[in-house]
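Chemist: Quick one: the structure is below, questions incoming.
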């Protein structure tokens, strides 16, 4: 009797584990990275919108992928954001979201490790080793920098945002955030990082180079 009970229990656990879905946290951007740091995990984000049917397909396909489920459970804090909401809009601007679903993998410091831009084969056991096809990258993003520089731009913009949300003293927080945003602009100026620098300068009563930054924005995006 004990043997049958043990066999049934093991079978039940197997079925339960197989049927379980990837858990997505309901957290803000900064809270998710704080949680990831506390648990020594990375961060996985899906950005979509209200009409994103492909987002639903992606979530279902990930739940059917045993390797993906194990990796996400063991190594990642997972989140879903809607770009029609304020937080989703902020993150889509930071990351340069160019399509839906937009899947990003970060370390807990805010460095972009990889994007998943198609349903092609993806190695979930070696996230950072996944490359984006050059042609596909150029067609989707249409920006004049290679993929590695794009990753650096996104990483610095996100770290600027996270720093601004930190509990450091205002001067230290703003200085570090500004330096990250400046690194992002030097890689490739785009609306988010330019406006981030302008807003931070104005909030601190610093008018130096604001006219230059506004001209930079106007010359590139108006």
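The values are calculated or read from the model by the stated rules, or taken from the named source; none is laboratory data. What you see is a predicted model, and the numbers here were worked out from it, not measured in a lab. Positions of Cβ are generated from backbone atoms using ideal geometry, with glycine treated the same way; all protein chains shown enter the neighbour counts.
Chemist: Out of all the residues in the range 43-51, is one or more without any contact (Cβ under 8 Å) to a residue 24 or more places away in the chain, touching a strand residue (DSSP E or B) at 6+ places or on another chain (Cβ under 9 Å) and surrounded by 12 or more Cβ atoms within 10 Å (Cβ to Cβ)?
Modeler: No, every residue in the range 43-51 fails to be without any contact (Cβ under 8 Å) to a residue 24 or more places away in the chain, touching a strand residue (DSSP E or B) at 6+ places or on another chain (Cβ under 9 Å) and surrounded by 12 or more Cβ atoms within 10 Å (Cβ to Cβ).
Chemist: Separate question: Please determine, by comparing only the residues of the range 85-108 that are under 21 Å from residue 62 (Cα atoms) and in contact (Cβ under 8 Å) with a residue 60 or more places away in the chain, which one is surrounded by the fewest Cβ atoms within 10 Å (Cβ to Cβ).
Modeler: Looking at residues that are under 21 Å from residue 62 (Cα atoms) and in contact (Cβ under 8 Å) with a residue 60 or more places away in the chain, I get 107.
Chemist: From the list 23, 56, exactly one residue is out of contact with any helix residue (DSSP H, G or I) (no Cβ under 9 Å at 6 or more places or on another chain), under 27 Å from residue 99 (Cβ atoms), exposed (fewer than 14 other Cβ atoms within 10 Å of the Cβ) and modelled with pLDDT of 85 or more. Which is it?
Modeler: One residue alone meets the criteria, 56.
Chemist: Can you confirm whether the range 62-76 contains a residue that is surrounded by 19 or more Cβ atoms within 10 Å (Cβ to Cβ) and not in a helix (DSSP H, G or I)?
Modeler: Yes, the conditions are met somewhere in the range 62-76.
Chemist: Restricting to the range 152-191, name every residue that is touching a residue at least 40 places away in the same chain (Cβ under 8 Å), touching a helix residue (DSSP H, G or I) at 6+ places or on another chain (Cβ under 6 Å) and either farther than 21 Å from residue 107 by Cα or assigned by TED's automatic domain parsing to the domain that holds residue 107 (or both).
Modeler: 188, 191
Chemist: Also, I was wondering about something else. Output the residue which, of all residues in the range 109-151 that are touching a residue at least 60 places away in the same chain (Cβ under 8 Å) and in contact with a strand residue (DSSP E or B) (Cβ under 6 Å, 6 or more places away or on another chain), is farthest from residue 73 (Cα to Cα).
Modeler: Applying the filter and picking the extreme gives 113.
Chemist: Here is a further query. Those residues that are loosely packed, with under 13 Cβ neighbours inside 10 Å and in contact (Cβ under 8 Å) with a residue 24 or more places away in the chain, I need them from the range 192-202; list them, please.
Modeler: none
Chemist: Right, here's the next one. Please determine whether any residue of the range 125-146 is in the same structural domain as residue 29 (by TED's automatic domain parsing), surrounded by 15 or more Cβ atoms within 10 Å (Cβ to Cβ) and under 17 Å from residue 23 (Cβ atoms).
Modeler: No, because not a single residue in the range 125-146 is in the same structural domain as residue 29 (by TED's automatic domain parsing), surrounded by 15 or more Cβ atoms within 10 Å (Cβ to Cβ) and under 17 Å from residue 23 (Cβ atoms).
Chemist: Being buried (at least 18 other Cβ atoms within 10 Å of the Cβ), more than 18 Å from the chain's Cα centre (by Cα) and at pLDDT 90 or above is true for just one of 185, 154. Which residue is that?
Modeler: One residue alone meets the criteria, 185.
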